[in-house]
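So the structure is just underneath, and the comments pick up after that.
The values are calculated or read from the model by the stated rules, or taken from the named source; none is laboratory data. A quick note: this is a predicted structure, and the numbers were derived from the prediction, not measured. With ideal geometry, Cβ positions are generated from the backbone for all residues, glycine too; neighbour counts draw on all protein chains shown. Heads up: the accessible areas ignore ligands, DNA and RNA and are worked out on the full protein's heavy atoms, side chains in. Shrake-Rupley method; radii C 1.70, N 1.55, O 1.52, S 1.80 Å.
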Amino acid sequence: MSIQQLSETIINQIAAGEVIERPASVVKELVENALDAGASRVEVATAGGGLTLIRVTDNGGGIPMDQLALAVSRHCTSKLSGGIDAIRTLGFRGEALPSIGSVARLCLRSRTQEADAAAEIAVDGGRVGRVKPIAANPGTTVEVRDLFFATPARLKFMKSTRTEAAAIADVIRRVALAFPEVRFTLSGTDRSTFDLPAVTADGDGLLRRLGQVLSKDFPENALPIDADREGISLTGYVSIPSFSRGNALHQFAYINGRPVRDKLIGSAIRSAYMDVLPRDRHAVTALFLSLDPALVDVNVHPAKADVRFRDPGLVRGLIVGAIRQALDSTGMRAATTSGTAMLASFRTPQNGFDNASSYGNYGTGRYDGGWSASSSPSRPLEEAVAPAGFAEGRQAAFDMGGAATSADARASVSEYAQDVVRHPLGAARAQLHENYIVAQTEDSLVIVDQHAAHERLVYEALKKAIHARPLPSQMLLMPEIVNLPEEDADRLASHAEFFVGLGLRLERFGPGAVAVRETPAILGETDAVALVCDLADEIAEHDTADSLRERIDRIAATMACHGSVRSGRRLKPEEMNALLRQMEATPGSGTCNHGRPTYIELKLADIERLFGRR
Ligand code: ADP
Ligand code: MG
């Protein structure tokens, strides 16, 4: 067979195979074009999950009539004047419109802000029509009908209308987080529709947009992130640990305003939350990196969602450091959703006091394990009004006078009590159900889950001890020889000194091998080969060897779990107060090692509202 030049349409259809995977990809490309054109309003309408119709209208700069034909031609773009290393726009490849036009029926209508008339051009399965004048407002409308009619093979792979419509909504939400000052609407006959009014472009606006897009509870459970390192800046918001999700779909990342999906960012987030979230829970995050476009390659894949950083270790370190710092600074902040939901539950009169089941599924801050109606910290309160509760109340309740140990001390008791309530977690007043410490602060009532709190304190102490000095190692009777690719052996050898501090001793053993002589004692009998291979992978991917540290921290967490006060142990008042003071002094003590809150706080004002006093 002779070699032939492919037709323009086939070339565009090949490109479409990569760029236009499904209706949501069309929406992504068209919305990006609208944003690149400086629009402050982007309206999307769809039908049939986007397969029947997608229409995107914007009020941006528009396209001059004499350039409409170019806009739908392959490799024509107005965005690459600064070269491939200086990309600040979302688009740059000049292939979206021609690709879409080659697989669907596309109609592009546009009018620049200055022009007094609009014009349109149609592309139908690759056949380009003539430019015609029409009447329209300034801005651009792109209409795409019968997507993939020209490529039936692709059409077969479409999921249900509803799934495709949901993917479209996701794409718009995702990009909307990076442009809070733009109003986005989604309408049409598909089910998921919304209107995201414009807010300000600053941090407050972003927080409001996050509330619109993620959940209205997010803003009050979010921590601001603001850090920079070597010219790379990181801003955004991350959730407090107790506001977590069962998957990572609520982690949004942007590089210079471009939504990206990046393994490195995901793994940095996991690492930052490692101490406060169990492996199967995921933080909610919106992180915005901004850096010199020359330091990141966005031209990795036609869909432009993959990136490569010039210095991945720097980016990872920046993210992990900034999130950890934000988490530490909150000290003991617990999720407000629990308190709010509890109040709501109390306040629903028709539900009365036996409404325990309503705790089961509130909000997004719920915890799938262990935060059920029966273990809800609000139960002891409820039961305190029942006869059984009274008996226990008598036994456990005490005042600070009773807590004083000698008659001399009694004189200063009231002063002491005054002092204690000023602490953030207040003065312990009672222990209920042998696990819940009820404490009083100046303006609230605090309920502490004693087991969870203690576990957290032990863990923090263990970790500190572990990282403060070189970890003990355990000598292997016979060195373990691990064969692996030469580059991996090199990488491991270059981190050898770091490993020694963690109790792992290894050295080069000829080409393509390392010898492991000692392993961290805390890991016990461990598979040295698997450990070393994992470490090599990790260094290759992220240029750090954090996973060894993580493994060791996980062991510490397990030990803490065994070593802590089980619920069911009665504490003396001074023990309870000591626990409260220790919690206040320990960063991260607002959640247990599994990310559940260790205490909840009910403001006096809210309690008064419950009783109709306000
Ligand atoms: P790219 O966005 O990579 O440049 P596209 O095929 O998506 O490629 O668009 C081609 C060109 O058409 C853009 O460079 C831009 O000049 C113009 N264009 C497309 N959509 C719009 C729009 N909504 N408003 C203004 N100009 C647009
Ligand atoms: Mg584009």
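Table for the structure above
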item	result
Verdict on residue 217 being among the acidic types (Asp, Glu) and either within 16 Å of ligand 1 (Cβ to nearest atom) or at pLDDT below 90 (or both)	yes
Residue in segment 27-40 that is touching a helix residue (DSSP H, G or I) at 6+ places or on another chain (Cβ under 6 Å), within 14 Å of ligand 2 (Cβ to nearest atom) and not in a helix (DSSP H, G or I) present	no
Given (1) over 28 Å from the mean Cα position of the chain (by Cα); (2) in contact (Cβ under 8 Å) with a residue 24 or more places away in the chain; (3) closer than 30 Å to residue 577 by Cα, index of the condition residue 522 fails	(3)
Test set (1) buried (at least 18 other Cβ atoms within 10 Å of the Cβ); (2) away from ligand 2 (no atom under 12 Å from the Cβ); (3) not in a loop (DSSP other than H, G, I, E, B) - residue 66 fails condition number	(1)
Set 521, 536: member being surrounded by fewer than 21 Cβ atoms within 10 Å (Cβ to Cβ) and not assigned by TED's automatic domain parsing to the domain that holds residue 316	521
Where a residue in segment 56-68 is within 24 Å of residue 183 (Cα to Cα) and charged (D, E, K, R) and its partner, wherever it lies, is part of a helix (DSSP H, G or I) and near ligand 1 (Cβ under 9 Å from one of its atoms), with Cβ under 7 Å and at least six apart	58/34
Some residue of segment 268-277 being part of a strand (DSSP E or B), at pLDDT 90 or above and in the same structural domain as residue 312 (by TED's automatic domain parsing)	no
Complete set of residues in segment 134-145 that are open to solvent by 60 Å² or more (accessible area, probe 1.4 Å) and either closer than 24 Å to residue 99 by Cα or among the basic types (Lys, Arg) (or both)	145
Segment 47-94: number of residues that are within 21 Å of residue 126 (Cβ to Cβ), more than 6 Å from ligand 1 (Cβ to nearest atom) and within 31 Å of the chain's Cα centre (by Cα)	5
Matching residues in segment 164-192 - criterion: being in contact with a helix residue (DSSP H, G or I) (Cβ under 8 Å, 6 or more places away or on another chain), small (Gly, Ala, Ser) and open to solvent by 30 Å² or more (accessible area, probe 1.4 Å)	192
Filter result (more than 10 Å from ligand 1 (Cβ to nearest atom) and surrounded by fewer than 21 Cβ atoms within 10 Å (Cβ to Cβ)) within segment 16-42	17, 18, 21, 40, 41
Segment 77-94 - residue that is open to solvent by 90 Å² or more (accessible area, probe 1.4 Å) and either more than 12 Å from residue 299 (Cα to Cα) or touching a Lys or Arg at 6+ places or on another chain (Cβ under 9 Å) (or both) and, of those, nearest to ligand 2 (Cβ to nearest atom)	78
Residue count, segment 581-609 (criterion: at pLDDT 80 or above and more than 17 Å from residue 243 (Cβ to Cβ))	14
So residue 110, is it open to solvent by less than 20 Å² (accessible area, probe 1.4 Å), over 20 Å from residue 172 (Cβ atoms) and in a helix (DSSP H, G or I)	no
So residue 117, is it closer than 25 Å to residue 178 by Cα, open to solvent by 20 Å² or more (accessible area, probe 1.4 Å), more than 12 Å from ligand 1 (Cβ to nearest atom) and touching a Pro at 6+ places or on another chain (Cβ under 6 Å)	no
